[in-house]
Structures are given as structure tokens and as C-alpha cells.
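Visitor: Have a look at the structure that comes next, please.
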Amino acid sequence: MALKGISYPSPFPNNFLFGTASSSYQFEGAAFADGKGPSNWDIFTHKSGNILDGSNGDRAVDHYRLYLDDIDLMENLGIEPFVTLTHYDIPQELEERYGAWLSPEIRSDFEHYADVCFKYFGKRVKYWVTLNEPNVMAIRGYRSGIYPPSRCSGSYGKCNKGNSEKEPLIAAHNMILSHAKAVNIYRTRYQEEQEGNIGIVMNAIWYEPFSNSTEDKLAAERAQSFFLNWFLDPIIFGKYPEEMRRLLGTMLPVFSKKELEIMSNNRLDFIGINHYTSFYSKDCIYSYCDPEAPGVTKSEGYYLRTALRGGALIGEPTAVDWIFVHPQGMEKIVTYIKDRYNNTPMFITENGLGTMSELNTSINHFINDFKRVEYMRSYLDSLAIAIRKGADVRGYFAWSLLDNFEWLSGFTIRFGLYHVDLGTLKRTQKYSGTWYKEFIETSRGVRGSLST
Ligand code: GBH
């Protein structure tokens with residue numbers, strides 16, 4: 001049915017920001033240009049066997065050279081720049097000098113780096129993000145070891161064995177304090193004059209209890225605590241989540257009085273949420289779980305993460321092994337964060353769908369990305385419900401503007417609203433890009449109109 005000419009109030013507030021997301025290592029290339037030293041990811045991707053298709057970010061999608069063209073594409077989708085100080089990659093030199101995130105020394109180096117960025121770019125940047133997904137950096141860098149610096153612990157046995165289970169906790173502790181120092185510098189030296197905002201971006205998964213039992217509900221709560229609240233609680237409340245303190249005891253680092261002081265000047269201006277998927281979580285304290293399965297050890301919070309229940313998946317599987325299409329998760333995770341953190345302003349800093357990048361496939365196959373549109377539409381609908389119910393969400397960014405270097409998957413997975421020809425690097429708008437532009441135009445204020 002077509003309802004033409006009728007306007008409906010848009011569920012998105014008037015000044016809601018829509019945009020796209022990108023990241024330096026995945027986009028820029030120019031890995032060794034203009035005096036840049038190697039990052040931990042440069043070193044990691046150059047070791048054979050680390051990246052699925054043997055590729056690396058040396059050239060990526062050459063955003064370093066093509067940035068003006070790409071900014072035109074971004075503007076086409078209407079944005080205000082948000083700048084992230086660290087999206088996984090850090091100078092390899094810090095790794096070699098003192099073990100990077102494992103050392104408290106990184107805190108003052110990070111502070112200095114942030115200071116330089118605020119000083120030189122703060123006039124033009126009104127939204128700063130200190131760290132992208134520190135929870136993923138800590139887990140993948142120091143527990144499963146599948147990201148640099150490839151340190152694994154606990155029940156993960158693939159890399160250098162014998163690291164302490166404490167390492168992810170220590171790395172996280174230093175990340176939290178590095179974040180805090182950067183925020184502090186911004187607050188004391190720049191914010192008043194530059195009138196910007198500063199926050200952090202977390203990867204957030206919605207954990208649905210595997211069953212109605214109290215045990216599984218508690219497991220879902222622990223899953224949030226050991227993944228998300230692990231960082232947000234100390235940053236916002238000045239202490240690690242209750243479940244972590246109880247289960248981990250002395251394994252968990254403590255904040256000294258002086259550190260707490262730095263952190264107290266730190267209320268976040270916003271929480272950035274990267275949300276893509278949901279999982280079930282099943283209790284492993286009162287019920288048996290295979291101790292070799294990832295997630296079930298004490299330092300991980302004793303819960304089993306699974307997409308499968310009674311023979312059915314939590315959502316449609318996708319080309320990305322950890323993304324299941326479960327749009328309700330968006331409303332639920334946003335509402336969860338709203339309730340726990342006093343409705344701190346939120347941005348959905350990443351959401352999107354990866355598709356397979358088969359070789360020898362005609363460009364039309366990639367351009368007609370109806371699945372991506374379906375995914376985005378359903379997640380945006382779900383986000384709109386959370387907003388209607390009172391969540392203070394101020395923007396949404398699609399991951400990603402362009403197809404790009406997808407970390408361990410190299411160039412085998414594409415997330416872009418624009419297709420990138422990996423030979424010529426030519427950018428071509430996909431159906432999702434066209435759709436998103438139109439969606440943005442019709443979603444502002446009361447101009448939203450609906451036709452079905
Ligand atoms: C985001 O990461 C990244 O910020 C972005 O650079 C990336 O391109 C994009 O998503 C698409 O992948 O194994 O415990 O970490 C999301 C990375 C990987 C986070 C899978 C959640 C599962 C939980 N995600 N991960 S864990």
C-alpha cells in the first residue's frame with residue numbers, strides 16, 4: 001500500500017546525526033610514507049599466516065591520497081567529523097620499548113599524544129573518541145591472542161603460552177587510565193575554549209539469557225559486566241563491576257587514590273556503541289560447561305556464549321561468522337546502557353553488515369546489496385524504538401563508508417556503502433549508499449514520510 005503525501009513524525013530527533021564510520025589502518029594505507037614508523041598492525045599483518053588472504057594495510061583503500069574525494073562522499077551523507085585517537089593500531093615502538101598496554105608507562109605517552117591532537121585539531125573537531133573498542137583490544141590482544149601483540153592466556157592455546165590470565169585485565173586497566181588522562185587534559189586545557197565533547201567507544205553485544213532460569217539471567221548480566229561494564233563502570237562510577245570484583249578478587253587491578261582522583265574529573269560526554277550482533281549466554285557456574293570452550297574461565301566470567309538454542313540460531317547467519325541478524329538486540333543494548341549509566345548521551349558509532357568479496361564476480365553483485373539495506377533498516381527501526389522510549393541517542397554511523405581492510409579477514413569481506421575496486425580503487429555507490437542517503441533525508445524531524 002502506498003501512503004503518499006502523508007507526513008509522519010520521524011522517530012529520530014531533529015538534530016540527530018547520521019553518518020558513516022572508517023578507521024585509519026583499514027583505510028589510509030601509506031603505511032611507511034612521510035616518516036611514519038611502523039604500527040603494531042603493520043608488523044602483525046606482515047607475518048605470514050596472520051591475515052586470511054595474506055593482505056595487509058600497506059595501501060588499504062589509499063584514503064591517505066584520496067581523502068579529499070572520500071570526504072566528498074562522506075559529506076554527501078551529511079556528517080560532522082568525529083575523531084578517534086586509537087582504533088586498534090599503536091606505534092610498534094611502544095610495544096618494543098615497554099610492552100605497550102601492559103605497562104603503566106603508556107598512560108603518559110597516550111596523554112601526550114592526545115594533548116598534541118587536541119592542540120592542533122581541536123578547533124575543527126567537536127567530538128573526540130579516546131579509544132575504539134578497548135574491550136576487543138584487551139581480549140583479542142591479550143587473551144585469544146588473535147590481534148597484536150598476539151599474547152594468549154587462559155584456555156586459549158594457540159600462541160605464546162604461559163601468559164598470565166591477568167594480562168587482559170592489566171591491559172584494560174592501563175587503557176582505562178590512559179583514557180582518563182586524555183579526558184582530563186581535554187577538560188582542563190581545551191574543552192572550555194574549544195567547546196567539544198569527549199567520549200569512548202565500546203563494542204557492545206546484546207546477551208540474551210539462554211533460558212528463563214535465574215542462573216542464565218545472571219550469566220547474561222555477567223557477560224555484560226565482563227565485556228562492557230568492565231570499562232564503563234570504572235570510567236563512570238570509579239570502580240569495576242561488582243561481579244568482576246567478587247569473582248576475580250585480587251586478580252583484578254585496583255585504582256590508587258591518585259588514579260581515582262584523575263578519574264573523578266572524567267564524566268563522559270557520550271558513550272559510543274558499536275553494535276552488530278547478539279548471542280545467548282549460558283551459565284557455567286552452576287551448570288557444566290566444557291572448560292576448554294572460550295568464555296568459560298573465571299577471568300572471562302564463567303559464561304558460555306552461543307548463537308544456537310534448540311537447533312535454531314539467534315538470528316540469520318551472515319558472511320561474517322560473529323554477526324547474526326537480531327535487530328531487537330539494538331533496542332535492548334541501548335536500553336541496558338541507558339538504564340545502567342543514567343541515560344548518558346549515546347551514539348551508535350558503528351553498525352553494519354559484511355558481505356563476501358568473491359573474486360571474478362560482476363560489480364552488479366556487490367552494488368545490489370539488498371541484504372545490507374535490510375539489516376540496516378531493521379536495526380534502525382529497533383534503535384528508533386529505544387529512542388521513543390526515552391534513550392538519549394544522538395547519532396548513528398554506518399560501518400562503513402567504503403569497503404576496506406577487514407582486519408583478520410583482509411579484503412575477503414566488504415562492509416562499505418561504496419564499493420571499492422581493489423585494482424583501480426574506484427569507488428562506486430552501492431544500493432545501500434543510495435538508500436541510506438534517502439533514508440537520512442526523509443528521517444529528519446517531521447519530514448519523515450512513509451510509503452509501503
Ligand atoms: C568493529 O569491530 C571494528 O571497530 C571495525 O574496525 C571493524 O571493521 C568492524 O567492527 C567490522 O568487523 O571475540 O570477544 O571480541 C568489531 C569486532 C569482533 C567485536 C568480534 C566483537 C566478538 C567478541 N568484533 N567480536 S570478541
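Visitor: Scanning the range 398-412 for residues that are away from the ligand (no atom under 11 Å from the Cβ) and not aliphatic (A, V, I, L, M), which turns out least open to solvent (accessible area, probe 1.4 Å)?
Guide: Among those residues, the one meeting the criterion is G410.
Visitor: Sticking with this one: Within the range 366-397, take every residue that is open to solvent by 10 Å² or more (accessible area, probe 1.4 Å) and under 17 Å from the mean Cα position of the chain (by Cα) and give me the one that is farthest from S278 (Cα to Cα).
Guide: R394
Visitor: I need every pair where a residue in the range 207-227 that is within 15 Å of the ligand (Cβ to nearest atom) has its Cβ under 6 Å from the Cβ of a residue that is in a helix (DSSP H, G or I), sequence separation at least 6 or different chains.
Guide: Filtered contacts from the range 207-227: Y207/A220; Y207/A223; R222/E243; S225/E243; S225/M244; F227/N135.
Visitor: Pick from the range 288-304 the residues that are open to solvent by less than 70 Å² (accessible area, probe 1.4 Å), part of a loop (DSSP other than H, G, I, E, B) and touching a residue at least 40 places away in the same chain (Cβ under 8 Å): which of them is nearest to the ligand (Cβ to nearest atom)?
Guide: That would be G301.
Visitor: Show me the strands (runs of 3 or more DSSP E) found entirely inside the range 368-436 where at least 1 residues are within 17 Å of Q328 (Cβ to Cβ).
Guide: 393-399
Visitor: If you take the residues in the range 415-438 that are more than 16 Å from the ligand (Cβ to nearest atom) and of a type in the set (G, A, S), which one is least open to solvent (accessible area, probe 1.4 Å)?
Guide: So the residue we want is G433.
Visitor: Search the range 138-152 for residues that are without any contact (Cβ under 8 Å) to a residue 40 or more places away in the chain and open to solvent by less than 30 Å² (accessible area, probe 1.4 Å) and pair each with any residue that is part of a loop (DSSP other than H, G, I, E, B) and not aliphatic (A, V, I, L, M) when their beta-carbon atoms are under 7 Å apart and the residues are at least 6 apart or on different chains.
Guide: G145/Y156; G145/K158; G145/C159; C152/R143; C152/S144; C152/G145; C152/K158; C152/C159
Visitor: Then there is this: Does Y276 satisfy being within 16 Å of the ligand (Cβ to nearest atom), part of a loop (DSSP other than H, G, I, E, B) and open to solvent by less than 20 Å² (accessible area, probe 1.4 Å)?
Guide: yes
Visitor: Separate question: Does E374 qualify as being at pLDDT 95 or above, out of contact with any helix residue (DSSP H, G or I) (no Cβ under 9 Å at 6 or more places or on another chain), of a type in the set (D, E, K, R) and within 16 Å of the ligand (Cβ to nearest atom)?
Guide: No.
To keep it simple, each residue is scored yes or no on (1) out of contact with any strand residue (DSSP E or B) (no Cβ under 6 Å at 6 or more places or on another chain); (2) of a type in the set (D, E).
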position	(1), (2)
A307	no, no
W322	yes, no
H326	no, no
M330	yes, no
I333	no, no
D339	yes, yes
T344	no, no
F347	no, no
E350	no, yes
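Visitor: Being surrounded by fewer than 19 Cβ atoms within 10 Å (Cβ to Cβ) and among the hydroxyl-bearing types (S, T, Y): is that true of Y113 here?
Guide: Details: surrounded by fewer than 19 Cβ atoms within 10 Å (Cβ to Cβ): yes; among the hydroxyl-bearing types (S, T, Y): yes.
Yes: the conditions hold for Y113.
Visitor: Across the range 246-269, what is the total count of residues that are within 21 Å of A138 (Cβ to Cβ) and not hydrophobic (A, V, I, L, M, F, W, C)?
Guide: Residues in the range 246-269 being within 21 Å of A138 (Cβ to Cβ) and not hydrophobic (A, V, I, L, M, F, W, C): 7 in total.
Visitor: For the range 415-435, enumerate the residues that are out of contact with any Lys or Arg (no Cβ under 9 Å at 6 or more places or on another chain) and of a type outside the set (A, V, I, L, M).
Guide: Within the range 415-435, G423, T424, K426, R427, T428, G433, T434 meet the criteria.
Visitor: Give just the number: which of (1) part of a helix (DSSP H, G or I); (2) modelled with pLDDT of 95 or more; (3) among the hydrophobic types (A, V, I, L, M, F, W, C); (4) more than 30 Å from I79 (Cα to Cα) does I337 not satisfy?
Guide: (4)
The values are calculated or read from the model by the stated rules, or taken from the named source; none is laboratory data. Model, not experiment: these values are computed from the prediction. Neighbour counts are summed over all protein chains in view; Cβ atoms, including those assigned to glycine, are modelled from backbone coordinates with ideal geometry. Accessible surface areas use protein heavy atoms only, side chains included; no ligands, DNA or RNA. Shrake-Rupley method; radii C 1.70, N 1.55, O 1.52, S 1.80 Å.
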